[in-house]
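To start, the structure under review is shown below, and the notes come after it.
We did not get these values from a lab; they are worked out from the coordinates using the rules stated. None of the values given here were measured: they were computed from a predicted structure. Cβ atoms come from the backbone with ideal geometry, glycine included; neighbour counts cover every protein chain shown.
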Amino acid sequence: MEKKYSNPCSRCGTERIMLRTWTEKTENSTIVNREMICPNPKCQQEVIKDNKIQADKYSSWKRRGKERAVERKRVLQEIRKKKKK
């Protein structure tokens, strides 16, 4: 009993097509993965660019958050050292 799901392109709204399907086995289950793309190659390239921009932005936020956490830890250690003196 397979259901038909609508999967429109995020840019142009046309129905996306399946590029490839693969399965992954885990301990207790099998996962079926499907890679979907826009049938319009120019639109798909723009979607890829937009996704890359978003992924870069997210990784930048994550990296800066880690850097701030390291800096906070360093500052707290300095404050503790001063209190001990």
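In segment 33-85, the qualifying residues are those that are in a helix (DSSP H, G or I) and acidic (Asp, Glu), and the one that is farthest from Glu15 (Cα to Cα) is Glu78.
Applying the criterion of being without any contact (Cβ under 8 Å) to a residue 12 or more places away in the chain and of a type in the set (Ser, Thr, Tyr) to the residues of segment 7-39, the residue that is nearest to Lys49 (Cα to Cα) is Thr23.
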